[in-house]
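Have a look at the structure below before the remarks.
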Amino acid sequence: MALSDQMVRHVATLARIRVDSRDEARIGAELTRVLEYVAILERVDTTAVDPMWQSVDATWNGQRADEPQPSLERAQALANAPRQQDAMFVIPRILGEEEG
C-alpha cells in the first residue's frame, strides 16, 4: 500500500518537518518501502528469542576507569585555536553585558 501525498503531509506535520510538495511522491515511496520492510520483520518468528531490555552486555558500561591521564601541554592545546591571547583561548561573548 503506497502512502498518499496527504498521508506524507500528515506524517511531516507530526514530525514537525517541512516537506516540499514536489518531494511528496518520492518521500511517500520511500516511506512505503520502509513500512513494507517492517511488515517483513513482523513475520519473523521470535518465539525462541529471550526478551531483552537492551542490546548490549549490561555488565560492560563502555567507560574507562576514572584515572588521571596526562594532558596536553598549553602550547599543544592552543596550536589550532582560531584566536588566543595571553596563552588563553579567545571566544565570542555569549552572555553578559553587550559590547559597545
Q.
Quick check on Ala29: is it surrounded by 10 or more Cβ atoms within 10 Å (Cβ to Cβ), of a type in the set (Gly, Ala, Ser) and either within 28 Å of the chain's Cα centre (by Cα) or closer than 30 Å to Met7 by Cα (or both)?
A. yes
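Would you call Glu73 among the acidic types (Asp, Glu), modelled with pLDDT of 90 or more and open to solvent by less than 60 Å² (accessible area, probe 1.4 Å)?
When the stated conditions are applied, Glu73 does not pass them.
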(Q) Scan the range 32-50 and tell me whether some residue there is open to solvent by 100 Å² or more (accessible area, probe 1.4 Å), modelled with pLDDT of 90 or more, more than 30 Å from Gln6 (Cα to Cα) and not β-branched (Val, Ile, Thr). (A) yes
(Q) So, Ala81, is that one modelled with pLDDT of 85 or more and part of a loop (DSSP other than H, G, I, E, B) or not? (A) yes
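Is it true that Asp66 is open to solvent by 80 Å² or more (accessible area, probe 1.4 Å), closer than 30 Å to Ala87 by Cα and either of a type in the set (Lys, Arg) or over 26 Å from the mean Cα position of the chain (by Cα) (or both)? Don't jump to the end; show me each part of the working.
Working: open to solvent by 80 Å² or more (accessible area, probe 1.4 Å): yes; closer than 30 Å to Ala87 by Cα: yes; either of a type in the set (Lys, Arg) or over 26 Å from the mean Cα position of the chain (by Cα) (or both): yes.
Spelling it out, Asp66 is indeed open to solvent by 80 Å² or more (accessible area, probe 1.4 Å), closer than 30 Å to Ala87 by Cα and either of a type in the set (Lys, Arg) or over 26 Å from the mean Cα position of the chain (by Cα) (or both).
The values are calculated or read from the model by the stated rules, or taken from the named source; none is laboratory data. Note that the coordinates shown come from a computational prediction; the quantities given were computed from them, not determined experimentally. Every residue, glycine among them, receives a Cβ derived from its backbone with ideal geometry; neighbour counts consider all protein chains shown. The protein model used for the area step is the full one, side chains on, heavy atoms only, and it has no ligands, DNA or RNA in it. Shrake-Rupley method; radii C 1.70, N 1.55, O 1.52, S 1.80 Å.
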